[in-house]
Amino acid sequence: MVCNRCNIVVKSELEKIGLHAISVQLGEVELLDDLKNDEKDILSKRLRELGFELLESKIAITIERIKNLIVDLVHHQHNELRTNL
């Protein structure tokens, strides 16, 4: 997820299938309850239709977190970069 609109869309999809999010942030969603298999399948399908994906492997999650940190550093920090990425 790259922008606030993405967060809003994901939160809306969660609510449509009856899931309650504690927080929806760039690339990360914290849910009140654990996902059941059928809920996970429905959510995964809906996210794919919207151009998102549900990450489950630890490696994919770590890679996504690193990418999100770089996006935040480049686009949302208002100081000059001192490191060539």
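The values are calculated or read from the model by the stated rules, or taken from the named source; none is laboratory data. For clarity, every value in this text was computed on a predicted model and none was experimentally measured. Here the Cβ is made from the backbone with ideal geometry for all residues, glycine too, and neighbour counts use every protein chain on show. SASA here: full protein model, heavy atoms, side chains in, ligands and nucleic acids out. Shrake-Rupley method; radii C 1.70, N 1.55, O 1.52, S 1.80 Å.
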**Report entry** Under 17 Å from residue 11, Cα to Cα: lysines that are on another chain or at least 8 residues apart
**Finding:** 40, 45
Query - Helical contribution to [θ] at 222 nm, DSSP H n ≥ 4, -39,500 (n - 2.57), averaged over the chain, rounded to 500 - result: -17000 deg cm²/dmol
Report task. Using the charge dipole of the chain (Lys, Arg: +1 at Cβ; Asp, Glu: -1 at Cβ; taken about the Cα centre), state which of 3, 74, 22 has its Cα farthest towards the positive end. Result -> 74
Query raised in the report: Can you list the trypsin sites (Lys or Arg not before Pro) in the range 1-53 that are in a DSSP coil and have 15 or fewer other beta carbons within 10 angstrom?
Result: 36
**Report entry** Distance between modelled label sites at residue 58 and residue 5, nm, 7 Å Cα→Cβ extension
**Finding:** 3.7
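Per residue, how much accessible area does the chain have with a 1.4 Å probe, in Å²? Spell out each step's value before the answer.
Working: 6920 Å² over 85 residues.
Computed with neighbouring chains in place, this is 81 Å² per residue.
Calculate, in nm to one decimal, what residue 48 and residue 23 gain on full extension: separation in residues at 0.36 nm each, minus their alpha carbon distance.
Numbers: separation 25, 0.36 × 25 = 9.00 nm, distance 2.02 nm.
Between residue 48 and residue 23, full extension yields 7.0 nm more.
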Query raised in the report: What does a probe at residue 72 reach in the range 1-41, counting residues whose amide N is under 18 Å from the point 7 Å along Cα→Cβ?
Result: 1-8, 22-31
Query raised in the report: With all protein chains present, how much of the accessible area of the chain (probe radius 1.4 Å) comes from carbon and sulfur, to the nearest whole percent?
Result: 51
Requested in this report: Could you tell me what % of all Cα pairs in the chain have separations over 20 Å?
Outcome: 38
**Report entry** Within straight-line cross-link reach of residue 16, aspartates and glutamates at Cα separation under 12 Å, skipping those fewer than 8 residues along the same chain
**Finding:** 39
